[in-house]
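Input: a single structure, listed below in C-alpha cells.
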Amino acid sequence: MYGHSLPCYLAKSPKILNSLITSVLGITGIPSFLANSIVLSVFPFFQYIKINVFKLRLIQLDMLKIKEAYNKVMNDSLYRNSMYLMIGTAIMSVLGFVAWAIISKIYSAEEVGLATTIISVMGIITSFSVLGLNAGLIRFLPKSGRKNDKINTTFTLAALVSIIVTSVFLLGLKGFSPSLLFIKQNLIYSIIFIIFMVFATLGSLIESVFIAYRASGFVLLKNTIFSFGKMAFPFLFVSFGAYGIFGSWMLSLILGYVVVFLILIYKFAYKPKLVFYDSIIEKIGKYSFGNYISGFIGGLPILMLPVLITNLHHPELTAYFYMAMMVANVLFIIPNATTSSLFAEGSNNEKALGEQIKKAIKIISWLIIPAIIITIFIGKYVLLFFGNDYSIEGYGFLQVLAFSGIFISINSVFGAILRVKKKIGTMIIMNIINTGVILLASYFLVKEGFGLWGVGIAWISGQALVSLIYFAFLRK
C-alpha cells in the first residue's frame, strides 16, 4: 500500500516533488537548470503511476463486487439452483440453434418438420408416462427417509407406463398422424422407438431428483452432453431422413442420462432396483396425479401445435413454428428455471416461502425484460441461422412469443406457489383455460389461413387471460 500511496502523494504535490528532487540533485553537484529538466521529465512518470494505480483500484473494487455477487448467488440455494437450471437450458438452447442450423442444411424442410413432429409426440408420451411423479419427487423426496425406495418406485412405474403408452400410440398411429407412419414401417423401428420413449421418460424424472436434492448442477451437465451430441450425431444418420434427426436427438439424450445416472449412484448413494412399493404411491399418488393432470394439460399447446399444424397445413410450416418456438424458449428459461427452484425451496421450507417468492420475482424481473427486448429486435437475425425462409416466416411469430414472456413469468410464479400450497385443483382449472384458448383458437385460425400469426394470437391470448385471472383472485 505504501509503495502505491507515495507516488500518488508526490504526483498530487508538484512543488514538494520539485524541491525534493532539486535538493537531491544539488547535493550531487548537478547544475540547477539540468536539475529542473530532470524534474520536468520525472513528474509525468509519477502522474502515469497515479492514473494507473487509480485504475487498478477501480478494477479491484469491481472484482470485489463481482466476487461478493458470486458468493451471494452460490451461497443461496434458490439463486444457485436457478442459475444452474438457466445456464443448463441456455446451453441446450444455444447449442440447439447450432444443431438445428446444421440439420436444416443437410436435411430438407419437410424432413425437419416431420422430425419436430416426432419430438413433440415424444413430449406427449413422456407427459403421459411420468404421471406427475416428477413434481411428487420434488415435493416429497427432500424430507423422505426412504429416498432410494421413492426413486426406484417412480422410475419403475414410469418406465412400465411408457412402454404401454408408446405401444398404444404405435397401434393407433394411422388415425393419430398418418404422416408419421414411417416410424412403424418395420419392427426394428418400432422397438427402438419404444426404448427411446422409456429413456425420455426416465430423463425427465432424474432431473426432478437432482432438483429435489438441490443439485441442479447435474441437470446442467446432462443438458450439456445432450446438446453437444445433437450437433455431432445428425451427420451419421442423413440416409434415415426425419427418423435420423430424431435418432440423433435420442442418442444424445440417452448419453446424458447414463452419465448423470452413474453420478446419482456414486455421489448420492442411490441403489437402482426394479421395485414397486404401494405405500409410496399411496403417499405421493394423489398429489402426483393432480400434478400429472395439470402438467399434461398445461403442456399440451407446445406438444399438440406441431401435430395440428402438420395435419392442417404442411410440415414446412411446422418447421418454421418449431424454430421460432425454440428461440422463444430461451426466454422462457428464466421464469421456468426460477420457479422450479422456488418450488423446490418451498417444499424444503414452506415457512420461508414469502421471502423466496420475493427473490424469485427479483431474478425474473432483472432478466426477462432485457431478454424480451433483445429477442424482439434481433430475433430475425437469429432465425437466419436456420435459413432465409425460417426468418421470413417465423419472425413475426417469434415477436409475439417474446412478448408473451411477461405473462408466462406471472403464471409460472403463481403456479409454483399453488404447487407448494398443494392447491392442484386451481392449477388444473388455470391450465384448462390456457390450453383450451390456445388450441381452439389455433385450430380455427390456422384452418382459416392465418398461419403462424394465428397461432401467435392464440398463444398470447391464452397466457394473458390466465394472468388476468390470477391477478383478479389476488385482489380478492
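The values are calculated or read from the model by the stated rules, or taken from the named source; none is laboratory data. On a predicted model such as this, the values are computed, not experimentally measured, just so you know. Every residue, glycine among them, receives a Cβ derived from its backbone with ideal geometry; neighbour counts consider all protein chains shown.
Run down Val275, Val219 and say which single residue is in the same structural domain as Leu131 (by TED's automatic domain parsing), surrounded by fewer than 16 Cβ atoms within 10 Å (Cβ to Cβ), in contact (Cβ under 8 Å) with a residue 12 or more places away in the chain and touching a Ser or Thr at 6+ places or on another chain (Cβ under 9 Å).
Val275 is the lone residue from the list that is in the same structural domain as Leu131 (by TED's automatic domain parsing), surrounded by fewer than 16 Cβ atoms within 10 Å (Cβ to Cβ), in contact (Cβ under 8 Å) with a residue 12 or more places away in the chain and touching a Ser or Thr at 6+ places or on another chain (Cβ under 9 Å).
Checking Gly229 against (1) in a helix (DSSP H, G or I); (2) closer than 30 Å to Tyr277 by Cβ; (3) not hydrophobic (A, V, I, L, M, F, W, C), which test does it fail?
Answer for Gly229: the failing condition is (2).
Scan segment 172-191 for residues that are among the aliphatic types (A, V, I, L, M) and surrounded by fewer than 16 Cβ atoms within 10 Å (Cβ to Cβ) and report the count.
The total comes to 4.
Can you find, within segment 248-272, the residue that is surrounded by the most Cβ atoms within 10 Å (Cβ to Cβ) among those that are touching a residue at least 24 places away in the same chain (Cβ under 8 Å) and of a type in the set (Val, Ile, Thr)?
Filtering segment 248-272 for residues that are touching a residue at least 24 places away in the same chain (Cβ under 8 Å) and of a type in the set (Val, Ile, Thr), the one surrounded by the most Cβ atoms within 10 Å (Cβ to Cβ) comes out as Val260.
Does any residue in segment 131-146 that is assigned by TED's automatic domain parsing to the domain that holds Gly299 and surrounded by fewer than 21 Cβ atoms within 10 Å (Cβ to Cβ) come within less than 9 Å, Cβ to Cβ, of a residue that is among the aromatic types (Phe, Trp, Tyr) and part of a helix (DSSP H, G or I) six or more places away or on a different chain, and which pairs are these?
Cβ pairs passing all conditions: Phe140/Tyr287.
Here's a check for you: in segment 280-302, which residue that is over 20 Å from the mean Cα position of the chain (by Cα) and of a type in the set (Phe, Trp, Tyr) is nearest to Ile424 (Cα to Cα)?
Going through the qualifying residues, I end up with Tyr287.
Does Leu264 fit the bill of being closer than 30 Å to Gly175 by Cβ and either among the aliphatic types (A, V, I, L, M) or modelled with pLDDT of 80 or more (or both)? Before the answer, list the steps.
On the way: closer than 30 Å to Gly175 by Cβ: no; either among the aliphatic types (A, V, I, L, M) or modelled with pLDDT of 80 or more (or both): yes.
No; evaluated as a whole, the condition is false for this residue.
State the number of residues belonging to segment 303-325 that are surrounded by fewer than 20 Cβ atoms within 10 Å (Cβ to Cβ), more than 15 Å from Tyr443 (Cβ to Cβ) and touching a helix residue (DSSP H, G or I) at 6+ places or on another chain (Cβ under 7 Å).
Summing the residues that are surrounded by fewer than 20 Cβ atoms within 10 Å (Cβ to Cβ), more than 15 Å from Tyr443 (Cβ to Cβ) and touching a helix residue (DSSP H, G or I) at 6+ places or on another chain (Cβ under 7 Å) in segment 303-325 gives 1.
From the list Ile211, Ile245, which residue is in contact with a helix residue (DSSP H, G or I) (Cβ under 9 Å, 6 or more places away or on another chain), closer than 19 Å to Lys271 by Cα and buried (at least 20 other Cβ atoms within 10 Å of the Cβ)?
Details: Ile245 fails: closer than 19 Å to Lys271 by Cα.
Exactly one of Ile211, Ile245 is in contact with a helix residue (DSSP H, G or I) (Cβ under 9 Å, 6 or more places away or on another chain), closer than 19 Å to Lys271 by Cα and buried (at least 20 other Cβ atoms within 10 Å of the Cβ), namely Ile211.
Just to be sure, is Ile265 under 27 Å from Glu110 (Cβ atoms) and either over 18 Å from the mean Cα position of the chain (by Cα) or among the charged types (D, E, K, R) (or both)?
no
Suppose we keep only residues that are buried (at least 23 other Cβ atoms within 10 Å of the Cβ) and of a type in the set (A, V, I, L, M) within segment 340-361. Which one would you say is farthest from Ile410 (Cα to Cα)?
Of everything passing the filter in segment 340-361, Ala344 is farthest from Ile410 (Cα to Cα).
Among the candidates Ser461, Ser442, Ser412, single out the residue that is assigned by TED's automatic domain parsing to the domain that holds Lys351 and under 25 Å from Phe343 (Cα atoms).
Just one listed residue meets the conditions, Ser412.
Before we move on, is Glu282 charged (D, E, K, R) and without any contact (Cβ under 8 Å) to a residue 60 or more places away in the chain?
In short, yes.
Do we have any residue at all in segment 239-257 that's in a helix (DSSP H, G or I) and more than 30 Å from Trp100 (Cα to Cα)?
The answer is no; no qualifying residue exists.
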